[in-house]
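Data block below; observations after.
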Amino acid sequence: MCPYCGVGCGLLVQVRDGRVAKVKGDPAHPANFGDVCAKAVHLPPILRTADRLVHPQLRHRRGGALERVPWELALRFTADRVREIVMAHGPDAVAFYASGQLLTEEYYVAAKLARAVVGTNNFDTNSRLCMASAAAGYWRSLGSDGPPAAYADLDVANCFLLIGTNTADCHPITFKRIRKRKLQSPDAVTVIVVDPRWTETADIADLHMPLQPGSDIALLNAMLHVLWREGLLDANFVAKHTSGWAQMRAVIERYPPERGAALTGLSPEIIVTAALRFGRARAAMSLWSMGINQSHVGTDKNAAIINLHLATGQIGRPGAGPFSLTGQPNAMGGRETGGLAHLLPGYRLVADAAARAVVERHWAIPAGRLPATPGRSALEIFEGLASGAVRAVWIMCTNPAASMPDLDLVEKALRQADLVVVQDAYHPTETTRFADVLLPAAQWPEKDGVMTNSERRLTYLPKLVEPPGEALPDTVILTRFAHEMGVKEPFQFASAAEVFDELAALTAGTVCDYSGLSHDRLRRDGPLQWPVPAPDHPGTERLYQDRRFPTPDGRARLVAVEHDEPLEPVDASFPLTLTTGRVRDHWHTLTRTIKSPALRSRTPEPILEVNLRDAQRAGIQDGDFVEITSRRGKAVAQCLVSAAIREGTCFLPFHWGRQSGFYKSANNLTLSGRDPISQQPELKACAVRLRRVAEPPA
Ligand SMILES: Nc1nc2c(c(=O)[nH]1)N[C@H]1C(S)=C(S)[C@@H](COP(=O)(O)OP(=O)(O)OC[C@H]3O[C@@H](n4cnc5c(=O)[nH]c(N)nc54)[C@H](O)[C@@H]3O)O[C@H]1N2
Ligand SMILES: Nc1nc2c(c(=O)[nH]1)N[C@H]1C(S)=C(S)[C@@H](COP(=O)(O)OP(=O)(O)OC[C@H]3O[C@@H](n4cnc5c(=O)[nH]c(N)nc54)[C@H](O)[C@@H]3O)O[C@H]1N2
Ligand code: SF4
Ligand SMILES: [Mo]
């Protein structure tokens, strides 16, 4: 399976002389049937670069140099420091910050280490910047996390609402499947794209709706208003399978299309048209990602999308359903293993005493050992480090000094910490520079394990080549560390397969039950979709076909949600809204894709997209270098002036961190304000001003 995005494509890899020589699509994999995008094709040159981290390194004192040390010393030093910090300040002075790019087994061992060995729920991941609002949205509306739909639904849907997703660039193989459906039945299939920018995704759209950033709830509520007024709701479904109709109706009554138009900047007519197309479709799907989730009302935006599906009965049948697109390859696996500070394995909650007891028995640790209060979310970990409440952080498989909002805060946090452990495949990165202990990790495909893609499908990834130097699989590093901490019995894993078996057994009876799976079975039967509750169970294409939801009364919840303005509205000093995101040929913080000559040459530098009229007002011409200033900092980029972005909005990709050049980083500008429910930061809207500069800074 591809190590990049959550589409989860199957790959065929040619190995020559112990190296990955060639990558192509696996025709037998049900996520892609042989197709792949450029990022996967160009994997070979990025795997063995001169900056691979191949030895453990240690800095004995701050300001000193990192020195190569043997594994034993690196782990003993870390264990001693962690013990000291726990003795002096308690277990919650230690935090772990992990990633949706870890394998499921790695995730599981890391979360178990934090909770059972160190004794803290301060175990959070970059999924907090990514999927947290979707997970919280599913929990609140449906009673549990878990995307209900499947890729097979894309082949039969009649209406696609693509909202806050640049599917063409970020989930290219999913997009191809939607495009194929549209081209096969152009009149029977409607595609609606909601994005302040015109992207490649809008290429296939019948309706492109360039709304004001952040105003999705006003749009979705107004669409629901139209459907209610026109009698296009499924009254039977609402009465039998949902709760909350009366409260929700009271709110949507106040969102006629004219009000929706005023709040979104769209026309009332296009809102009515979109609503009618959605409402009259035999089967409708919504697909969304960061334009929805990365918002201070991200959880509410998710509710507004799910409301639309519940009120029209568009869920739990072929071609229908709300379907959040997972960003990272294994963000789904992370949620299954308890990869957020309030979760335990098997979609269990830290706050649930009965769930804690089950996990304690499974882990054979004393009753009451698991801490009962949810830990710190991603930003709270870094705020805690900056204030001194948290003293140590262990970062694995993520690069927060490039990917977090408000990088000054993150750098301060890392400088201030008593202990920074970083476990990565490359060095230097923006984050490894701050490490006291640097642990070399094996990366894809130097280790084996499982990942779950957007459609709940688990794929087994075999180990194909040896890791370079002394790099070790993350599971091995974490297991050795647990032993170094004196905890042996619960960490006797001879292989990743054994870790998987322990987790799979713990999912029995939960919504994400895959107790019927093992590495052997996945190798034999190929990738399968959970729930898979028994060894002879074929897997589950679609959730909620029986229309029973995992809430106490079995009904899904219609949640009344209101529009709210972005946290940082524009004003005379900062007149434009900056939104940030991705480009087609790069992956996140560039530790990998920039090292492929082909990918680098397609997009060598960050480009700021600016609307024509905004450019005129600021005296900026296409190709000029522009300084972008927010209340937190500055960035400089060359600009692309166009009509493809909504007036008042500009867009900067966030891939370039400070290591590429201090002023290339979009996260110099972004703010760390967040959703109070999901704790996900509002990376998609902050207020900025632009100024032309003669030359880029050196
Ligand atoms: N090429 C590539 N693909 C990737 C990744 C990558 O780094 N590179 N990363 C993966 C990961 S982890 C993720 S999370 C996904 C992200 O996938 P996407 O969410 O598709 O990517 P983004 O570019 O972050 O944002 C999507 C769109 O949201 C729009 N947007 C901004 N604000 C709003 C708003 O208020 N409302 C609406 N409706 N739209 C808005 C932006 O203009 C942008 O086009 O991609 C995955 N795939
Ligand atoms: N402004 C802005 N900021 C954003 C976003 C945005 O849209 N706008 N999007 C956010 C989102 S959705 C996401 S998901 C994050 C992503 O942000 P990050 O997770 O910080 O980005 P990556 O570059 O994917 O970092 C992965 C790190 O793991 C390392 N690595 C690779 N393989 C392995 C391995 O097997 N083991 C270990 N230990 N390390 C490995 C890589 O070298 C790299 O350093 O960024 C977030 N930040
Ligand atoms: S679409 Fe995603 S999973 Fe598929 S090859 Fe491209 S990056 Fe990999
Ligand atoms: Mo993400």
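Could you tell me how far the Cα centroid of region 199-265 sits from the Cα centroid of region 638-698, in Å?
29 Å
Out of L161, P186, A239, whose Cα points farthest toward the positive end of the dipole of region 132-324 (charges: +1 Lys, Arg; -1 Asp, Glu; placed on Cβ)?
Selected residue: A239.
Charges at C-beta only: +1 for Lys and Arg, -1 for Asp and Glu. How large is the resulting dipole of region 132-324 about its Cα centre, in Debye rounded to 20?
On the way: 18 positive and 16 negative charges, 70 e Å.
It comes to approximately 340 debye.
If I ignore ligands, DNA and RNA and count only protein heavy atoms, how much of S495 is accessible to a 1.4 Å probe, in Å² to the nearest 10?
50 Å²
With a length cut of 24 Å (Cα positions projected on each helix's long axis) and a Kyte-Doolittle mean of at least -1.0, go through the chain and give me the DSSP H helices that pass.
Working: long enough: 71-89 (27 Å, 0.09).
What comes out of the filter, once short or polar helices are dropped, is 71-89.
Whenever you get a sec, compute what percent of the accessible area on the chain sits on carbon and sulfur atoms (1.4 Å probe). If you can, show how the numbers build up before the last one.
Values: 12100 of 23470 Å².
So the carbon and sulfur contribution to the accessible surface is 52 percent.
Give the cross-link partners of K301 among the aspartates and glutamates, using a straight C-alpha distance below 20 Å as the criterion and excluding same-chain residues fewer than 8 apart.
Cα-Cα hits under 20 Å: D145, D195, D216, E253, E258, E562, D564, E565, E568, D675, E682.
At 1.4 Å probe size, put E106, E489 in order of accessible surface, largest to smallest. Could you put the intermediate results ahead of the total?
Values: E106 5, E489 145 Å².
The residues order as E489, E106, largest area first.
For E269, what is the net charge nearby, where nearby means another residue's Cβ is under 13 Å from its Cβ and Lys, Arg count +1, Asp, Glu -1? Intermediate results must be reported in sequence, preceding the final value.
On the way: positive: R277; negative: E258.
The answer is 0.
Once the other residues with Cβ under 12 Å from the Cβ of A687 are scored (Lys, Arg +1; Asp, Glu -1), what is the net sum?
Summing Lys and Arg as +1 and Asp and Glu as -1 gives -1.
Assign one of three labels to region 101-175, namely rounded, prolate or oblate, based on the Cα gyration tensor with a ≥ b ≥ c the square roots of its eigenvalues; rounded applies when a/c is under 1.5, prolate when it is not and a/b is larger than b/c, and oblate otherwise.
Numbers: a/c = 2.56, a/b = 2.08, b/c = 1.23.
Because a/c hits 1.5 or more and a/b exceeds b/c, region 101-175 counts as prolate.
Give me the net charge of G34's neighbourhood, meaning all other residues with Cβ under 14 Å from the Cβ of G34; Lys, Arg count +1, Asp, Glu -1.
On the way: positive: K24, K176, R177, K180; negative: D26, D35.
Its environment carries a net charge of +2.
So with the 1.4 Å probe, I'd like the accessible area per residue for the chain, rounded to whole Å².
Numbers: 23470 Å² over 698 residues.
With the other protein chains kept in place, the chain gives 34 Å² per residue.
Need one number: nm distance between label points at Q621 and H60, each 7 Å from Cα along Cα→Cβ, rounded to one decimal.
Spacing of the two 7 Å Cα→Cβ label points: 6.0 nm.
To the nearest 10 square angstrom, how much accessible area does W245 have with a 1.4 angstrom probe?
The value for W245 is about 70 Å².
Using a ≥ b ≥ c from the Cα gyration tensor of region 137-272 (square roots of the eigenvalues), is it rounded, prolate or oblate, where a/c under 1.5 gives rounded and otherwise the larger of a/b and b/c decides, a/b for prolate?
Details: a/c = 1.71, a/b = 1.27, b/c = 1.35.
Oblate, because a/c is 1.5 or more while a/b does not exceed b/c.
Using a cut-off of 19 Å between alpha-carbon atoms, which aspartates and glutamates can reach K463, once sequence neighbours fewer than 8 places away in the same chain are excluded?
Result set, ordered by chain and number: D17, D26, E105, E106, D424, E446, D448, D474, E498, D501, D520, D525.
Ordered by packing density, taken as the mean number of other Cβ atoms within 10 Å over each peptide's residues, highest first, how do 575-581, 461-467 rank? Each step should come with its number before you reach the end.
Numbers: 575-581: 22.7, 461-467: 16.6.
Top to bottom by mean Cβ count within 10 Å: 575-581, 461-467.
If you keep only loop residues by DSSP, which trypsin sites (Lys or Arg not before Pro) in region 86-140 have at most 11 other Cβ atoms within 10 Å of their Cβ? Could the numbers behind the result be given before it?
Values: sites: K112, R115, R128, R140; in loops: none.
Filter output for region 86-140: empty list.
When the gyration tensor of region 613-698 is built from Cα positions, what are the square roots of 5 times its three eigenvalues, in whole Å, from largest to smallest? Each step should come with its number before you reach the end.
Values: eigenvalues 107, 56, 21 Å².
With the √(5λ) rule applied to region 613-698, the semi-axes are 23, 17, 10 Å.
Given the options L522, L503, F493, identify the residue whose Cα lies farthest towards the positive end of the charge dipole of region 475-580 (+1 on Cβ of Lys, Arg; -1 on Cβ of Asp, Glu).
So the residue furthest toward the plus end is L522.
Assuming R0 = 60 Å, what is the FRET efficiency of D536 and T603, from their Cβ-Cβ distance, to the nearest 0.05?
Working: r = 48 Å, r/R0 = 0.80.
It comes out at approximately 0.80.
Along the charge dipole of the chain, which of V23, T577, P329 sits closest to the positive end, that is, farthest toward it, with unit charges on the beta carbon of Lys, Arg, Asp and Glu (+1, +1, -1, -1)?
Result: V23.
What is the Cα centroid distance between region 328-389 and region 127-141, reported in whole angstrom?
15 Å
Counting only the heavy atoms of the protein chains, how much of L73 is accessible to a 1.4 Å probe, in Å² to the nearest 10?
About 70 Å², rounded to the nearest 10.
Quick one: check the C-alpha center-to-center distance for region 79-110 versus region 279-318, whole angstrom.
If you average the Cα positions of each part, the centres end up 35 Å apart.
Rounding to the nearest 20 debye, state how big the charge dipole of region 576-693 is about its Cα centre with +1 on each Lys and Arg Cβ and -1 on each Asp and Glu Cβ. Numbers along the way, then the final one.
Values: 19 positive and 10 negative charges, 59 e Å.
Taking the Cα centre of region 576-693 as origin, the dipole is about 280 debye.
Under unit Cβ charges (Lys, Arg +1; Asp, Glu -1), what dipole magnitude, rounded to 20 debye, does region 1-46 have relative to its Cα centre?
Details: 5 positive and 3 negative charges, 32 e Å.
The dipole of region 1-46 has a size of about 160 debye.
Based on the alpha-carbon gyration tensor of region 546-664 and its eigenvalue square roots a ≥ b ≥ c, which shape applies: rounded if a/c is under 1.5, prolate if not and a/b is larger than b/c, or oblate?
Values: a/c = 2.48, a/b = 1.45, b/c = 1.71.
Since a/c reaches 1.5 but b/c is at least a/b, the shape of region 546-664 is classed as oblate.
Can you compute the modelled spin-label distance between A152 and S642, with each label point 7 Å from Cα toward Cβ, in nm?
About 3.8 nm, to one decimal.
If DNA, RNA and ligands are ignored and the probe is 1.4 Å, what is the ranking of E67, E105 by accessible area, most exposed first? The partial results should precede the final answer.
Details: E67 95, E105 0 Å².
Result of the area sort, largest leading: E67, E105.
Highest mean first, how do 364-376, 21-33 rank when packing is the count of other Cβ atoms within 10 Å averaged over residues? Write down the numbers at each step before the final one.
On the way: 364-376: 15.0, 21-33: 17.8.
Packing order, densest peptide first, comes out as 21-33, 364-376.
Starting from the 7 Å offset along Cα-to-Cβ, what nm value, one decimal, do you get for the label separation of E258 and E562?
Label-label distance for E258 and E562, simple model: 2.1 nm.
The values are calculated or read from the model by the stated rules, or taken from the named source; none is laboratory data. These numbers come from a predicted model, not from an experiment. Glycine also receives a Cβ, built like all others from the backbone with ideal geometry; neighbour counts cover every protein chain displayed. Note: accessible area is taken over every heavy atom of the protein model, side chains too, but ligands, DNA and RNA are not part of it. Shrake-Rupley method; radii C 1.70, N 1.55, O 1.52, S 1.80 Å.
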